[in-house]
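Following: one structure in structure tokens, then a few remarks.
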Amino acid sequence: MSYEQLLDRITVDPGVCGGKPEGGTGVWPRLLEDPQALARVAVEALQVCHFNPATGEDGAADLCSRACYECLLSYRNQPDHPRLDRHAIRDYLLLLAQSTTARQAAGRTYEEQYAWLEERRDRSSSLEGEFLAYIRRTGRRLPDRAQYRPEQDAFAEADFFYEREGARGVCVFCDGPEHDEPGRQARDTLGRTTLEDLGYRVIMVRHDGSLEDQVQRNADVFGPGVS
Ligand SMILES: [Zn+2]
């Protein structure tokens, strides 16, 4: 596969970036949501350029000095041929092949965002801590906020909140055993129904269910995770 075919595949075949195509979802959002996607693209690009994606070893030193029609050259990029050199991108692609992608929230890195949420979450709820640690351990998307009340009129404060582009956000409630008490349940339900009526998505994470199952069921919010 040539470099241009690779680019075409990245553009038209979301399979390269992992997962099945979903209606209207572009490639770039998927590259951001799947922490491994960019690394897979880099591995494929290294192979196209005759490099061993694990070691960087040149597999075509005697066949292709800088570029050939098997890798970077095509008739479309003829004017650029003198400037194309596969060796120029090798080290960068090797780095990318080892990378994972993480969304940076409010100028914070992934680890900074985790620490920021850890500080703000309800320290008395062990389930909140477990949820957050699980999200991080599996390389999923971290929440944008903790202890956030998106609507002053709705009597509900989300334990964690995810922004959504072009829609009201996602409210995550971590329900420990104290939420099973009947009076508490009624209040919880009222507040959360109000949020749903307003267009927010509500996800309840329960203490008596498997974290993995509950997170996996909402993979469109939390991401597919790193296996
Ligand atoms: Zn070549």
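The values are calculated or read from the model by the stated rules, or taken from the named source; none is laboratory data. These numbers come from a predicted model, not from an experiment. Here the Cβ positions follow ideal geometry from the backbone for every residue, glycine too, while neighbour counts run over all protein chains shown.
Structure values in brief
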{"quantity": "Within segment 37-72, tally of residues that are among the aliphatic types (A, V, I, L, M) and either away from the ligand (no atom under 11 Å from the Cβ) or touching a residue at least 60 places away in the same chain (Cβ under 8 Å) (or both)", "calculated": "10"}
{"quantity": "Residue in segment 153-161 that is more than 15 Å from V215 (Cβ to Cβ), touching a strand residue (DSSP E or B) at 6+ places or on another chain (Cβ under 7 Å) and assigned to a helix (DSSP H, G or I) present", "calculated": "no"}
{"quantity": "Search result, residues across segment 73-94 that are more than 13 Å from the ligand (Cβ to nearest atom) and surrounded by 15 or more Cβ atoms within 10 Å (Cβ to Cβ)", "calculated": "L93, L94"}
{"quantity": "Filtered residues of segment 100-150 (kept if assigned to a loop (DSSP other than H, G, I, E, B) and in contact with a Phe, Trp or Tyr (Cβ under 8 Å, 6 or more places away or on another chain))", "calculated": "A102, R103, Q104, R121, R140, R141, L142, P143, D144, P150"}
{"quantity": "Positions within segment 157-179 being hydrophobic (A, V, I, L, M, F, W, C) and modelled with pLDDT of 90 or more, in sequence order", "calculated": "A158, F160, F161, V170, C171, V172, F173, C174"}
